[in-house]
Amino acid sequence: MTTPDYAEKIPNNVSLNEDRRLQRALESWQPNFLSWWESMGPTLPTEDVYLRTAVNVGREGWAQFGHVPMRDYRWGIFLAEREGDRRIAFGAHKGEPAWQKVPGEYRAELQRLIVIQGDTEPASVEQQRNLGATAPSLYDLRNLFQVNVEEGRHLWAMVYLLHAYFGREGREEAEELLHRNSGSEDSPRILGAFNEETPDWLSFYMFTYFTDRDGKYQLGTLKESAFDPLSRTCEFMLKEEAHHMMVGTTGVDRVVERTAQVMVENDTDDVAAYGAIPLPVIQKYINFHYSVSLDLFGGETSTNVANYYTAGLKGRWLEERRKDDHLLASDSIMVDALADGEIGQTEVAALVGLNTDLRREYISDCAGGVKRWNRILEQAGLPQRLYLPHIAFNRKVGAFAPIEASPTGERLSAGEWDARKGQWLPTETDKTFVRSLMQPVFQRGKIAAWIAPPRNGINGQPFDYDYVHLI
Ligand SMILES: [Fe+2]
Ligand SMILES: [Fe+2]
């Protein structure tokens with residue numbers, strides 16, 4: 001690739017150097033991004049970090065690894081390769097060529113979808129900014145920073161679309177993405193779960209398992225979009241997301257593994273005294289993160305989402321593998337609902353039930369993690385098991401928001417809920433305990449007592465590799 005020097009300021013595979021206006025607009029957004037990163041990004045000072053940087057989008061060798069100072073990380077714009085004759089796979093425009101420009105009639109909706117996706121990316125960096133100070137190992141510290149820089153890059157991905165295709169309004173939205181902040185009183189992030197704090201590493205693993213996984217499913221629906229640049233951006237983002245999922249899945253694996261070890265070694269369930277996290281506390285964290293992540297999928301029914309689908313803006317998870325007409329005009333689906341005040345289901349048109357369809361895909365994916373964690377308990381010879389709470393548990397959005405339910409789906413009065421919720425959700429005592437374990441371990445090859453070391457290092461490196469150089 002022969003790229004002129006000035007284009008190197010923003011690494012990209014979208015021929016930015018051929019569009020000087022766009023290039024200038026993005027170059028003027030860049031310092032604002034960097035000052036956001038300095039003020040809202042990771043707080044732990046580091047010299048450099050062993051990071052993966054996207055350099056290409058091809059099947060092989062799309063990224064390179066090396067020690068880089070984080071502020072020099074090459075945030076860039078990478079879209080998956082263009083499919084020669086990509087056709088729209090669903091909705092009213094099914095079979096027509098994918099759009100290379102934004103159709104005027106869908107401009108507002110597409111912009112909104114991109115802004116909502118874009119808002120989550122920097123939000124998670126903000127939520128995780130203080131975690132470095134308490135990392136259980138250099139390996140984990142490196143993974144945190146990898147997730148952080150890639151979420152920063154995902155913000156770039158959405159900002160590129162806003163700048164390139166949505167004119168002045170798009171540029172204004174790009175600025176707003178840096179002004180809203182997670183948990184801010186005046187201008188919070190758009191979605192609830194992205195204003196919750198991530199105060200400890202157990203929360204971080206749960207977040208990357210449950211909440212980043214919501215992101216995976218949202219990106220999966222946008223990858224189907226008729227708007228080809230959005231589709232190609234999301235396809236490439238999903239590649240990076242796979243690592244975030246791995247951090248969450250194996251992170252919880254390792255916490256459970258360590259807890260199981262301490263339980264067996266000391267023949268006790270009360271592992272807190274030994275500096276490990278008791279299984280009931282792990283369960284409470286699952287309950288919390290799973291239920292707030294379910295809320296991210298919105299209401300069980302949505303006419304907006306039906307319209308997005310019919311318009312071709314947002315498809316279903318693995319749309320092209322679905323064996324139906326991809327129009328759904330005459331299909332129906334059972335969705336969760338309150339029926340005569342009881343937890344039940346009701347039948348609706350498939351189009352308005354698309355949020356439910358996506359949430360179900362997500363739920364069955366989540367069940368995979370629980371299976372893994374239970375296998376660890378089983379292999380340790382322990383009878384205890386972890387589980388996903390009932391879909392009606394602790395919901396703030398959708399059909400079950402008005403009621404209270406136990407993790408097994410038993411309906412509760414407000415009074416019963418208040419009396420018992422401390423058994424199911426992390427209490428101040430639980431959180432304080434977990435936080436008390438969060439003492440940093442920054443020596444190579446060493447790890448905190450509450451978590452097991454990983455089975456594999458990063459990019460073939462051993463666990464005791466010098467993943468991060470602190471200042
Ligand atoms: Fe992301
Ligand atoms: Fe992510």
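Note on region 333-471: Kirkwood hydrodynamic radius from all Cα pairs is 19.2 Å, rounded to one decimal. With contacts taken as Cα pairs under 8 Å and at least 6 residues apart, region 46-165 reaches a relative contact order of 28 percent. Take each peptide in 401-407, 219-225, 197-203, 47-53, count the other Cβ atoms within 10 Å of every residue, and average; sorted highest first, the result is 219-225, 197-203, 47-53, 401-407. For Arg71 and Ser187, the difference between the fully extended length at 0.36 nm per residue and the C-alpha to C-alpha distance is 39.2 nm.
Roughly how many debye, to the nearest 20, is the charge dipole of the chain about its Cα centre, given +1 on each Lys and Arg Cβ, -1 on each Asp and Glu Cβ, and no other charges?
Using Cβ point charges on Lys, Arg, Asp and Glu, the chain gives about 700 debye.
Please go through region 286-353 and write out the trypsin sites (Lys or Arg not before Pro) that DSSP classes as loop and that have at most 15 other C-beta atoms within 10 Å. Those satisfying the criteria are Arg322, Lys323. With the simple model of a label 7 Å out from the Cα in the direction of the Cβ, Asp19 to His469 spans 3.8 nm.
What does the extension gain come out to for Glu96 and Asn307, with contour length at 0.36 nm per residue minus their alpha carbon separation?
Working it through step by step, the gained length comes to 74.2 nm.
For the chain, the solvent-accessible area with a 1.4 angstrom probe is 42 square angstrom per residue.
Computed over every Cα-Cα pair of region 31-94 and binned at 10 Å starting from 0, the pair-distance distribution P(r) comes out as 16, 32, 25, 16, 9, 1 percent. A cut-off under 13 angstrom between Cβ atoms defines the neighbours of Arg112, and their net charge, with Lys, Arg +1 and Asp, Glu -1, is -3.
For the chain, adding -39500 (n - 2.57) for each run of n ≥ 4 DSSP H residues and dividing by the number of residues yields -15000 deg cm²/dmol at 222 nm.
Shown here for region 421-471: chymotrypsin sites (Phe, Trp or Tyr not before Pro) in loop regions (DSSP other than H, G, I, E, B) with at most 15 other Cβ atoms within 10 Å, namely Phe442. Computed in the context of the full set of protein chains, the accessible area of the chain at 1.4 Å probe radius has 47% of its extent on carbon or sulfur.
Over region 376-420, Cα pairs under 8 Å with separation of 6+ residues give a relative contact order of 26 percent. For the chain, averaging the sequence separation of C-alpha pairs within contact (under 8 Å, six or more residues apart) and dividing by the residue count gives a relative contact order of 19 percent.
What fraction of the Cα pairs in region 109-163, stated in percent, has a spacing above 17 angstrom? Value for region 109-163: 41 percent of Cα pairs lie more than 17 Å apart. Given in Å, the Rg to one decimal and the Dmax to the nearest whole number for the Cα atoms of the chain are 22.7, 68. The fraction of Cα-Cα pairs per 5 angstrom bin, counted from 0 for region 189-340, comes to 2, 8, 13, 16, 16, 13, 11, 8, 6, 4, 2, 1 percent, rounded to whole percents. For the residue pairs Lys284/Lys421; Lys101/Lys314; Lys239/Lys371, the alpha carbons lie more than 19 Å apart in Lys239/Lys371.
Where the centroid of each part is defined by its Cα atoms, how far is region 157-177 from region 245-302 in Å? So the two Cα centres are separated by 38 Å.
For region 373-471, state which trypsin sites (Lys or Arg not before Pro) are in a DSSP loop and have at most 16 other beta carbons lying within 10 Å of their beta carbon.
Arg385, Lys396, Arg444, Lys446, Arg455
Taking 7 Å steps out from each Cα toward its Cβ at Lys371 and Asp324 produces label points 2.4 nm apart. Give the separation of the Cα centroids, region 10-45 to region 91-120, in Å. Between the Cα centres of region 10-45 and region 91-120 lies a distance of 23 Å. Length gained on full extension, Arg385 to Gln345: 11.6 nm, using 0.36 nm per residue less the C-alpha separation.
The values are calculated or read from the model by the stated rules, or taken from the named source; none is laboratory data. This one's a predicted model, so the numbers in the text were calculated from it and none came from an experiment. Every residue, glycine among them, receives a Cβ derived from its backbone with ideal geometry; neighbour counts consider all protein chains shown. Quick note on the areas: whole protein, heavy atoms, side chains included, nothing else; ligands and nucleic acids left out. Shrake-Rupley method; radii C 1.70, N 1.55, O 1.52, S 1.80 Å.
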